[in-house]
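Heads up: the structure comes next, in structure tokens.
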Amino acid sequence: MADYYIRTPDREESRGPFDSPQLLTLAEADQITENTLYYDETKEEWTPIALNKTLKSEIFPKRKKLTLKVGQTPEKKVFAEIDSALEEEEEEEEEEEGLNVEAMLAAAEADTEETRYLKQQDKSFEKAAGLSSQGIGLMMLLSAVFFLMPHFSEVTKAFSNGSYSSLINYPFILVGLVDFVMAACLFLAVTEIYPLLRGRGMLTFGFGLYLGWSIGDPLIMAAAAAGGFGIFYATLAQNYPMMLLTILLGVGGNGTLAYLAFVGRFSEFFGGVHFNIMPTG
């Protein structure tokens, strides 16, 4: 049995596929007419149903009219009762057909409760994906500030003297520069580095907890936990609300660490971590 796609002459959107019995149901519910277009695969064009005699006869069969000749009053009463009963049956059938037609059209147009839920999920995922790279990029930029700010004088000295190799003596400067490069990649939507970012998020989590414990500052520990979790989970979140919450945590945590570094909270700790591998110049 052939399947057909249909549309009205004034619309470009098509519905289907429908087989002949389904088209008959639509016709009986006045959802389609002989002028409704169907796609003729042989001609590869949209054609009115009226021009296809076979299809037209299947969908719009001719109905024989029954003529009753009534000559006496008792007979009129009997036929009136028959007509009334037939009308009630037709109304019940039309109601059932109406429900079937609505379900059929909804399924053909992919407008069911399940498909609406899936569409909402897809939209939520798309919004989350669009927000993730920019949000994580901001986290990594703040993380770079956290590591570079305590070494501001060493960085400016190396750039002013051209002794870039001396930066190797400060491992946390290298971490900050890597974070800065990652932030630039994320702002350019380079999502291939997401697996690397998960490890980087765990590093922030672990190192921040150790740093806060060594300094004796619970705020640093809380900020590191939020910042590390934000970087890690933002690469995995599949829906917009969770992505938004994760980014707020990550930006808040890394932003707090960056602020504390800016006000000099970590100067003493980072100042004691350096090597003499390369001359400072």
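Model label points for Ala50 and Tyr194, set 7 angstrom from Cα along the Cα-to-Cβ axis, are 5.5 nm apart.
Would you please put 132-139, 4-11 in order of how densely packed they are, using the mean number of other Cβ atoms within 10 angstrom per residue and starting with the highest?
Working: 132-139: 21.8, 4-11: 13.9.
The peptides rank, most packed first, as 132-139, 4-11.
Only Lys, Arg, Asp and Glu carry charge here, each on its Cβ (+1 for the first two, -1 for the last two); on that basis the stretch 122-271 has a dipole of about 60 debye about its Cα centre.
When each pair of different Cα atoms in the stretch 215-265 is counted once in the 1/r mean, what is the Kirkwood radius in angstroms, to one decimal? Before the final figure, lay out each step's value.
On the way: mean 1/r = 0.0896 Å⁻¹.
Final number for the Kirkwood radius of the stretch 215-265 is 11.2 Å.
Taking max minus min of the alpha-carbon positions on each principal axis, the stretch 128-275 gives extents of 47, 35, 22 Å, largest first.
Every number here is computed from the coordinates shown, using simple stated rules; none is lab data. Model, not experiment: these values are computed from the prediction. For neighbour counting, all protein chains shown are included, and Cβ atoms are generated from backbone atoms with ideal geometry for every residue, glycine included.
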